[in-house]
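Asker: Before we start, here is the structure in question, set down as structure tokens.
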Amino acid sequence: MMTADFAARRQAVLARIRAAEQRFQRPLESVALLAVSKTQPAAAVAAMAAVGQTKFGENYLQEALAKMTELATLDLEWHFIGPVQANKTRSIAEHFAWVHSVDRLKIAERLSAQRPARLPPLNVCLQVNLDRETTKHGLGETEVVAVAPAVAALPRLRLRGLMTIPAPVATFAAQRQPLARLRDLQERLVVAGLALDTLSMGMSDDLEAAVAEGATLVRIGTALFGPRV
Ligand SMILES: *Cc1c(COP(=O)(O)O)cnc(C)c1O
């Protein structure tokens, strides 16, 4: 893609977000855009950064580290959104600003213990598995209620909220259902005393449903970069 194409695609995605905010009575600019750059080359990240994008999401550690090295002169905010293996936590804690995919207390404890003192606390979301049959990663709803206070108490983490990857469904109404459950779960945790401000939900195909149900950050790959390679 040429620079103009990156700008146009980003503007189109931002226009979808702003239109959904308006349609569903969300405050203007209350939904942030995370550009999911997995499988995209560093040049594509640089091009998207050049048209104003700062938050990038990556799923695979080695691929992400290579891009960070190549793009070290740019001031980018990197979010880890893929499955977290225990033997990768140190490198994730050293290189990312956010981890959206914390799905076990043990992983959270390792990330907290390994977060370098020179960096601010690592922002984390708990990944919630709302339909256990179709996806394998994530905490069940009752597990989240049990684990969240323990994660929030870890010294070098800042628990920001919840994240989910729902199973693909055909209609807008069906898309909204699991996302509404994530919002309800978040509200329960807030009532229980946790200071959460982030609902990480919504991808290229369910962005509008996610904004309708209270997403504060949507994770968009295909609609920004085109099909993955
Ligand atoms: C790949 C990925 C996305 C982006 O999906 P698109 O449908 O390409 O927008 C969002 N979140 C996670 C966790 C992903 O792995």
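Values quoted throughout were computed directly from the atomic coordinates according to the rules given, and no laboratory measurement underlies them. Just so we're clear, the structure is a prediction, and the values are computed from it rather than from any experiment. Here the Cβ is made from the backbone with ideal geometry for all residues, glycine too, and neighbour counts use every protein chain on show.
Asker: Going by how many other Cβ atoms sit within 10 Å of their own, how do 95, 79 line up, fewest first?
Answerer: Final ranking by Cβ density, sparse to dense: 95, 79.
Asker: Which of the GluC sites (Glu not before Pro) found in the range 126-229 are loop residues per DSSP with 15 or fewer other Cβ atoms within 10 Å of their Cβ? Walk me through the numbers on the way to the answer.
Answerer: Working: sites: 133, 141, 143, 187, 208, 213; in loops: 133, 213.
Sites meeting the loop and neighbour criteria: 133.
Asker: What residue among 172, 56, 80 shows peak mean-square fluctuation when the chain is described by a Gaussian network model with Cα springs under 10 Å?
Answerer: 172
Asker: Here is a further query. I need 1, 201, 48, 68 ordered by Cβ neighbour count within 10 Å, fewest first.
Answerer: By the 10 Å Cβ count, ascending: 1, 68, 48, 201.
Asker: Restricting attention to the alpha-carbon atoms of the range 60-197, what are Rg (one decimal) and Dmax (integer), both in Å?
Answerer: Rg and Dmax of the range 60-197, Cα atoms, are 15.5, 47 Å.
Asker: Right, here's the next one. Given the rule -39500 (n - 2.57) for each run of at least 4 DSSP H residues, summed and divided by the residues of the chain, what is its mean residue ellipticity at 222 nm, to the nearest 500 deg cm²/dmol?
Answerer: On the way: 9 runs with 99 residues, N = 229.
When only DSSP H runs of four or more count, the value is -13000 deg cm²/dmol.
Asker: Sort 163, 203, 2 so that the residue with the fewest other Cβ atoms within 10 Å of its own Cβ comes first and the one with the most comes last.
Answerer: Sorted ascending by nearby Cβ count, the order is 2, 203, 163.
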